[in-house]
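Participant: Below you will find the structure I want to go over with you.
Bear in mind that the values in this text are calculations on the coordinates, not laboratory data. Computed from a prediction, not measured in an experiment: that's the story for all the values here. Glycine gets a Cβ as well: all are built from the backbone with ideal geometry, and neighbour counts include every protein chain shown.
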Amino acid sequence: MTRFIFITGGVVSSLGKGIASAALGALLQARGFKVRLRKLDPYLNVDPGTMSPYQHGEVYVTDDGAETDLDLGHYERFTGVPSRQSDNITTGRIYSNVIAKERRGDYLGATVQVIPHVTDAIKEFITGELSDSDFVLCEIGGTVGDIESLPFLEAIRQLGNELGRERALFVHLTLLPWIASAGELKTKPTQHSVQELQSVGIQPSILLCRSEREIPVPARKKIALFCNIREEAVIPALDAATIYEVPLQYHRAGFDREVLRYFGLADQLARAPELGRWEEIARRIKSPEGEVQIAVVGKYTHLLDAYKSLAEALAHGGIANNVKVRLNWIESEQFESGNPGAFDSLDGAHGILVPGGFGERGAEGKIAAVRYARERKVPYFGICFGMQMAVIEAARSLCGIAQANSTEFGPTAEPIVGLLTEWVRGNRVEKRGMGDNKGGTMRLGAYDCVLKLGSRVGGIYDAPSIKERHRHRFEVNINYKERLERVGVSFSGMSPDGELPEIIEIPDHPWFVGVQFHPELKSKPFDPHPLFTSFIRAAVEQSRLV
Ligand code: GLN
């Protein structure tokens, strides 16, 4: 029997609903349950793929090629369960499906309405494609009280009624603000937020209260009384030193206990959950044996959500090597000034990373950072755009192709990086042109890559072939392969048909690797990605040299 836990948020946004959901998933897993996490997003985009990272943060890509909300990254990092297309839905996708059905004539005769047609489509999504999950944790994006999330709230209200108390639980995440002048944590916003939920017919049974201080017993009693909730089910969620401590903290606060008690699974409480994995991670994060500095040279560096999975994967590389990874976010445009002092910011870096990116702005600065890393023998990791820029840099500096460039920035005489017009997916050939739709048309999701025997990456992965997730429209032009190989750039990973360069490396360098895919999407704190483990190890070695 699959049980559903609906997680809503109130008072303000950015309370960490995604991490709260992910951490509860990890706790239920630690008690031996199979979990699946899902996210409902209230905006009208069909998916976040076309949204700027400034608007929405990172776009998280699944194995099956969906461009999804970054919370799915938290879900995967906390539970290890690979997310799928069917785990993220937006209002835009729901409506486009409903309207497509209407045009086909599937509702012939009916007036198509939010209730029941849109709410039915939402319910189908929540309950569909579940196989053998014990629990589905379904996070509702946005904040209760928003106009946009109303159809989602209505759908989960109906589901609560249809599934019955035994199979549906509502958890609400709120904030208790600390008012310094009164010297008090305030419960009123939480009361109002719960009232808002009650006004659409939803009574939460567990409240998760974010707070920067311990919640005093009288405040907890008051919340319980006004919100119609048992006192033990008012769970304090205090700020944690690291997100990976949240499952441990929630357990100590009794969150999993309350969930099991609600569902009548109290007999499971006799056994303690297996939290050893989380204790070890928290221990390593709290007592590292050293520290390395990594310079991340990108474009959205003041908005850390834009590189969420990347920052986490680098931290995982630190966990694997028992070091703290300090990230220095550098706006690449600063290397375009011609000012010799501009590169001072890279001086203390034990590793340089150019992450994924789009568009011409800042590209020359990234190429300059690659050159710095290559010439000064600082470990370099190029991801997607970062690999493309590394190849352009090598073509210019090592092959003498002065005009080497990417067609992403306009027509060029030397298209070292060009539009990907044709590739194979399973037994289908995908084709693209310059003027195609932008939404959902990149080369997306997991593809195989064959590793060259004896290469650095072959050793790192310790496997002849791998599968990694992609999100790109351009590719390194294979016609330049021989010339680049002659100057020491090895094409050490290729698509199985040998057509698409997937990995390049420079063997005559302490650590220089560029990958066309996004390895950061698959890294987990309890299973750090081998490329990040190896890159951070190289940075540790570099730190011993300087
Ligand atoms: N803009 C490049 C492309 O589309 C790189 C994309 C990326 O870094 N994700 O190919």
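Participant: Write down the radius of gyration of the stretch 205-356 and its Dmax, each obtained from C-alpha positions, in Å.
Facilitator: Final numbers for Rg and Dmax: 21.5, 68 Å.
Participant: Next question, about the same structure. Of Phe491, Ile243, Ile89, which is farthest towards the positive pole of the chain's charge dipole, taken about the Cα centre with +1 and -1 on the beta-carbons of Lys, Arg and Asp, Glu respectively?
Facilitator: Ile243
Participant: Now for a different question. Among Tyr95, Tyr300, which comes first, then next, by fewest other beta-carbon atoms within 10 Å?
Facilitator: In order of increasing Cβ crowding within 10 Å: Tyr95, Tyr300.
Participant: Hey, another quick one. I need the calculated FRET efficiency for the pair Asp64 and Glu184, taking r as the beta carbon distance and R₀ as 45 Å, to the nearest 0.05.
Facilitator: According to the calculation, E is roughly 0.40.
Participant: Scan around Glu414 for amide H atoms under 5 Å from its own, H built in the peptide plane at 1.01 Å from N, and keep only partners 5 or more places away or cross-chain.
Facilitator: Under 5 Å from the amide H of Glu414 lie the amide H atoms of Asn405, each far enough along the sequence or on another chain.
Participant: Viscosity 0.890 mPa s, temperature 25 °C: what is the translational diffusion coefficient of the stretch 368-453 from Stokes-Einstein with a Kirkwood Rh over Cα pairs, rounded to a whole number of µm²/s?
Facilitator: My calculation gives 162 µm²/s for D.
Participant: Which of Leu225, Ala311, Thr62 sits closest to the plus end of the dipole of the chain, meaning its Cα is farthest towards the positive end, when Lys and Arg get +1 and Asp and Glu get -1 on the C-beta?
Facilitator: Sorting the options by dipole projection puts first Leu225.
Participant: Hey, could you pull the Cα Rg and Dmax for the stretch 475-546, both in Å?
Facilitator: Cα-based Rg and Dmax for the stretch 475-546 come out at 14.3, 42 Å.
Participant: Continuing with this model, one more query. Taking +1 at the Cβ of each Lys and Arg and -1 at the Cβ of each Asp and Glu, which of Ala182, Val200, Ile215 sits farthest along the dipole of the stretch 101-228 towards its positive end, judged by Cα position relative to the Cα centre?
Facilitator: Highest projection toward the positive end goes to Ala182.
Participant: Further question: What is the fewest-to-most order of Thr174, Thr8, Thr407 by other Cβ atoms lying within 10 Å of their Cβ?
Facilitator: Thr407, Thr8, Thr174
Participant: Right, next: Give me the percent relative contact order of the chain, please, defined on Cα pairs under 8 angstrom at least 6 residues apart.
Facilitator: Relative contact order of the chain: 15 percent.
Participant: Consider just the alpha-carbon atoms of the stretch 20-70 and return their Rg together with their Dmax, both in angstrom.
Facilitator: 13.6, 39
Participant: Using a 10 Å cut-off around each Cβ, can you sort Glu162, Glu245, Glu148 from fewest to most neighbouring Cβ atoms?
Facilitator: Going from sparsest to densest Cβ surroundings: Glu162, Glu148, Glu245.
Participant: Taking the alpha carbon gyration tensor of the stretch 1-111, what are the square roots of 5 times its eigenvalues, largest first, to the nearest whole Å?
Facilitator: Each semi-axis is √(5λ); the values are 27, 18, 14 Å.
Participant: Report, in debye and to the nearest 20, how large the dipole of the chain comes out about its Cα centre when Lys and Arg carry +1 and Asp and Glu carry -1 on their Cβ.
Facilitator: 780 debye
Participant: Which whole-number percent of Cα pairs in the chain have a distance greater than 40 Å?
Facilitator: The proportion of pairs with Cα distances above 40 Å equals 30 percent.
Participant: Report the far tail of the P(r) of the stretch 89-158, meaning the percent of Cα-Cα pairs longer than 13 Å.
Facilitator: 67 percent
Participant: Then there is this: If each residue of separation counts as 0.36 nm, what is the full-extension length gain between Glu291 and Asn161 once their alpha-carbon separation is subtracted?
Facilitator: Length gained between Glu291 and Asn161: 41.5 nm.
Participant: Amide H of Leu37 versus every other amide H placed in the peptide plane: which residues, excluding those fewer than 5 positions away on the same chain, fall under 5 Å?
Facilitator: The list, which skips near neighbours in sequence, is Leu137.
Participant: While we're looking at this one, here's another question. In percent, how large is the relative contact order of the stretch 35-154, given Cα pairs closer than 8 Å and 6 or more residues apart?
Facilitator: Normalised by residue count, the contact order of the stretch 35-154 is 37 percent.
Participant: For the stretch 396-546, how big is Rg over Rh, using alpha carbon atoms and the Kirkwood form of Rh?
Facilitator: Reported Rg/Rh, Kirkwood definition of Rh: 0.98.
Participant: Show log10 I(q)/I(0) for the stretch 90-131 at q = 0.16, 0.26, 0.34 Å⁻¹, two decimals, from a solvent-free Debye sum over equal Cα scatterers.
Facilitator: -0.40, -0.92, -1.22
Participant: Which whole-percent values make up P(r) of the stretch 190-247 when all C-alpha to C-alpha distances are grouped in 10 Å steps starting at zero?
Facilitator: Once binned at 10 Å, the Cα pair distances of the stretch 190-247 give 23, 49, 25, 4.
Participant: For a quick check: with amide H placed at 1.01 Å from N, whose amide H comes under 5 Å from Glu502's, ignoring anything fewer than 5 positions away on the same chain?
Facilitator: Gly493, Met494, Ser495
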